[in-house]
Amino acid sequence: MADLQDELDTTTEVGALDGLTDPFLAEEPYAPVSDPDTGPLERAHAILAAHPVADGYSGLPWALRHLPWFDLELGESSVDTDVPRLREGHVGALFWSLHLPESIGGDRAVAATLEQLDLVRTVVGAHPEGLRLAHTAGETADVRHCGRVAVLLGPAGAAALGDSLGILRSLRALGLRALTLSGASWASEAGLTRFGEEVLREMNRLGVLADLSGASADTVRRAIAVSKAPVLWTRSAARALRPHPVNLPDDLLAELGAAKGLCMVPLTAEQTGPSVRDVADHLDHVREVAGPECVGLSGTYDAGTAHPQDLADASCYPLLVAELLRRGWAESDIALLTWGNVQRVLRGADFTARAARERREPSTAKISDLDG
């Protein structure tokens, strides 16, 4: 992540931004919440009750489009995710993906993304006892304290912008929090173009997180250099353990760690393997290479992928946390994995946006002007 001070004149001005504190300041010492004399699963439930899962990717919006009727608060067997299972799994927040099938592009991608945003708002509004929209780290924590599951909008695909920064601002006004930087002419195998860099700067100004899952190595490195907010990977594991193209090699994991980004390991058999132990191996590896503050969880439920044994749906997170406890993970590292790291990234994006808006007007750049 680029140095935020590049665009700040004085620390006094930063402190004056409506009381917003620097998210990179050290946190208070961790206070344990579980009894070390109890079994791993019991400890896992205790830790998750205090530090629930912030899940990085749910394919639920697209899955719900194909159901004539559903009730997520009562329970819905047609999908992997509903409120009872979210509560059983101690999920406190999750990103609802706005990704589209690859066959949808051009102007249709913009319209389809708006339709998905409308669907999410309708679904959340119809389930007020279980779900609530959130847009910031503070709202996410407030929703959790109210006993609901916080729904964060995104990631959306780059095609959703229609190569327009005005559409990006409109999507942010509707609640978008993350955009995937791949699959567009300005974010390709060759890296970010001049317009792509301008998109990322405008995302920083708006507080939209850059999701680099599936992005090329050149795009990743340029995004890390340009972005003044933390970047994240919503669905990437360790390529050293499983050679999936979306998984990250160790050199990019090390760069991610240096930039204080966030790699959210997916619970899919294809990317991490067929067992809980395989998923834990990836979490161990990412933590070792990138650092404990740079690893998170991504259920990737309802996205059309197979899941490891014993991790079939959103209720299964305690089994994974119990496996990590057996491996000797510190309770403080688990608290970062499940909740703290996502909160840090959200705070970082909000802090950067507040600072950038003091110094940067909305961009009027057009792709034809910058990329020809």
**OP:** State the number of residues belonging to the range 222-238 that are open to solvent by 10 Å² or more (accessible area, probe 1.4 Å) and under 23 Å from residue 276 (Cβ atoms).
**Re:** 1
Original post:
Of these, 340, 348, which one is in contact (Cβ under 8 Å) with a residue 40 or more places away in the chain, open to solvent by 10 Å² or more (accessible area, probe 1.4 Å) and within 18 Å of the chain's Cα centre (by Cα)?
Top reply: 340
**OP:** For residues that are of a type in the set (Gly, Ala, Ser) and more than 18 Å from residue 93 (Cα to Cα), scanning just the range 290-323, find the one that is most open to solvent (accessible area, probe 1.4 Å).
**Re:** 304
**OP:** Filter the range 271-304 down to residues that are more than 18 Å from the chain's Cα centre (by Cα) and part of a loop (DSSP other than H, G, I, E, B) and give me whichever is nearest to residue 329 (Cα to Cα).
**Re:** 275
Subject >> Selected residue [assigned to a helix (DSSP H, G or I), of a type in the set (Ser, Thr, Tyr) and within 17 Å of residue 53 (Cα to Cα)] from 332, 368 >> reply: 332
**OP:** Please name all residue pairs, on different chains or six or more residues apart, with Cβ atoms under 8 Å, provided the first residue is in the range 153-182 and is farther than 19 Å from residue 195 by Cβ and modelled with pLDDT under 95 and the second residue is outside any loop (DSSP other than H, G, I, E, B) and among the charged types (D, E, K, R).
**Re:** none
Original post:
Does the range 88-114 hold any residues that are acidic (Asp, Glu) and modelled with pLDDT of 95 or more, and which are they?
Top reply: 88
Original post:
Does residue 371 meet the test of being among the charged types (D, E, K, R) and surrounded by fewer than 21 Cβ atoms within 10 Å (Cβ to Cβ)?
Top reply: yes
Subject >> Boolean, residue 325 is among the hydrophobic types (A, V, I, L, M, F, W, C) and without any contact (Cβ under 8 Å) to a residue 60 or more places away in the chain >> reply: no
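For (1) within 28 Å of residue 127 (Cβ to Cβ); (2) surrounded by fewer than 24 Cβ atoms within 10 Å (Cβ to Cβ); (3) touching a helix residue (DSSP H, G or I) at 6+ places or on another chain (Cβ under 9 Å), each residue gets a yes or a no:
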| site | (1), (2), (3) |
| --- | --- |
| 146 | yes, yes, no |
| 153 | yes, no, yes |
| 162 | no, yes, yes |
| 169 | no, yes, yes |
| 175 | yes, yes, yes |
| 179 | yes, no, yes |
| 187 | no, no, yes |
Subject >> Residues (in contact (Cβ under 8 Å) with a residue 60 or more places away in the chain, crowded, with 24+ Cβ neighbours inside 10 Å and among the hydrophobic types (A, V, I, L, M, F, W, C)) located in the range 65-101 >> reply: 86, 91, 93, 94, 95, 98
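The values are calculated or read from the model by the stated rules, or taken from the named source; none is laboratory data. None of these values were measured; they are calculated from a predicted model. All Cβ positions, glycine included, derive from the backbone under ideal geometry; neighbour counts span all protein chains shown. Quick note on the areas: whole protein, heavy atoms, side chains included, nothing else; ligands and nucleic acids left out. Shrake-Rupley method; radii C 1.70, N 1.55, O 1.52, S 1.80 Å.
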